[in-house]
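**Q** I have a structure here, written as structure tokens, and I will follow up with some questions on it.
The values are calculated or read from the model by the stated rules, or taken from the named source; none is laboratory data. These numbers come from a predicted model, not from an experiment. FYI the Cβ positions are ideal-geometry reconstructions off the backbone, even for glycines, and counts take in every protein chain you see. For the accessible areas, the whole protein counts, side chains as well, though only heavy atoms, and no ligand, DNA or RNA atoms are used. Shrake-Rupley method; radii C 1.70, N 1.55, O 1.52, S 1.80 Å.
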There are 2 protein chains.
Amino acid sequence: MIMFPIVMSDSHAYAETIAHAERVCADRGERLTPLRRHVLELVARSDGPVKAYDLLDQLKTGPGAAKPPTVYRALDFLMRLGLIHRVEALKSFIACAHGHGHEESAELYICESCGRVDEQDHPDADPSPPSGFAVSRSVIEHYGQCGDCVNDR
Amino acid sequence: MIMFPIVMSDSHAYAETIAHAERVCADRGERLTPLRRHVLELVARSDGPVKAYDLLDQLKTGPGAAKPPTVYRALDFLMRLGLIHRVEALKSFIACAHGHGHEESAELYICESCGRVDEQDHPDADPSPPSGFAVSRSVIEHYGQCGDCVNDR
DNA sequence: TGAAGGATGTAATAACATAACAATTCTACA
DNA sequence: TGTAGAATTGTTATGTTATTACATCCTTCA
């Protein structure tokens, strides 16, 4: 199996994101419509977390401009398929780095200096849940400075 | 060191929350003004996470009703002192169970059936941060069903 | 006392998100 | 192929959450 280097140009990373989305949709019998694909493209191309209304602005070129429900529906769809994540504390969205399965929770490291987000798998086993608590979904977001920004100071 | 039992009656828990706030403010040279105390009371007395505009409604009795900035400023103050937490994915607030220090992050278990929130200390040591990442603050929220609600099914 | 800083009041608006219903497009299958 | 049903998208309106900007008041302390 040929392995690509971890760091690739944006266009390759972006193309792979779309290709992955195609596969996921095919597997699950869902439709990656032009609108959904477009929204995913915008999220994937954006440099860091992007807000719903920024996407809305980008979709508002020409007549027939997109309205909020259009964008939120596409975002909901992409989240349902695990193709993007919502960054709760930033009210923003990022493309999923898909280093994990659909249903697992991602663990996000968000650099407050450069805005970059690093996504890791969240270990399924919760170290210390309250007795009997059954976790169905977790939000795990770490804020701080990434290695590069720490060194730049 | 004397340890209080975890479970206490609501009224005691509430009184203790206020007393704790008094101590924290005294320690840090901050003022627990009547407004701030009132907001903390409302958050502490509420059964589960409470929204800013619900607090606003509760503060809107009589003329001179509170406006949004009033509530948000009080909430910001209380968060800065670690007396309350914002539950990001619910856009809501809860009183801190103060089982941890000011600066540490809480780990929340939120029951989607009964609304109860259980707060645990978050272990400081992050198991798997990206190389060089310095975490300053973490948002950790687990959603699911608490032991009681799992059994009730 | 009176200047400085902190806290609160007030009006307006920005930013984020959804409800409800209409129109269109796709898919399955008779 | 035609058409019913489901899924998707369009559209209007509104609901919800949060902040900006500036005025006023209160407290401290030189």
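**Q** Looking at the structure I just gave you, is A:Lys91 at pLDDT below 85, within 16 Å of DNA strand D (Cβ to nearest atom) and open to solvent by 50 Å² or more (accessible area, probe 1.4 Å)?
**A** Against the criterion (at pLDDT below 85, within 16 Å of DNA strand D (Cβ to nearest atom) and open to solvent by 50 Å² or more (accessible area, probe 1.4 Å)), A:Lys91 does not qualify.
**Q** Kindly establish whether A:Arg86 is assigned to a strand (DSSP E or B), surrounded by 14 or more Cβ atoms within 10 Å (Cβ to Cβ) and modelled with pLDDT under 95.
**A** So A:Arg86 does not fit the description; no.
**Q** Related question: Closer than 25 Å to A:Ala52 by Cβ, more than 9 Å from every other protein chain (Cβ to nearest Cβ) and part of a loop (DSSP other than H, G, I, E, B), is that true of A:Ala65?
**A** When the stated conditions are applied, A:Ala65 passes them.
**Q** Return the only residue of A:Thr70, A:Thr61 being modelled with pLDDT of 95 or more and more than 15 Å from the chain's Cα centre (by Cα).
**A** Criteria check complete, one pass: A:Thr70.
**Q** Shifting gears a bit: Is there a residue in the range B:110-121 that is more than 12 Å from chain A (Cβ to nearest Cβ), within 30 Å of A:Gly115 (Cβ to Cβ) and not polar (S, T, N, Q)?
**A** No: zero hits.
**Q** Separate question: Look at the range A:19-29 and say how many of its residues are open to solvent by 20 Å² or more (accessible area, probe 1.4 Å) and in a helix (DSSP H, G or I).
**A** 7
**Q** Restricting attention to the range B:43-57, report how many residues are more than 18 Å from B:Arg80 (Cβ to Cβ) and away from DNA strand C (no atom under 14 Å from the Cβ).
**A** Count: 8.
**Q** Can you tell me which of (1) touching a residue at least 60 places away in the same chain (Cβ under 8 Å); (2) surrounded by fewer than 16 Cβ atoms within 10 Å (Cβ to Cβ) is the one B:Leu81 doesn't meet?
**A** So the condition that B:Leu81 fails would be (2).
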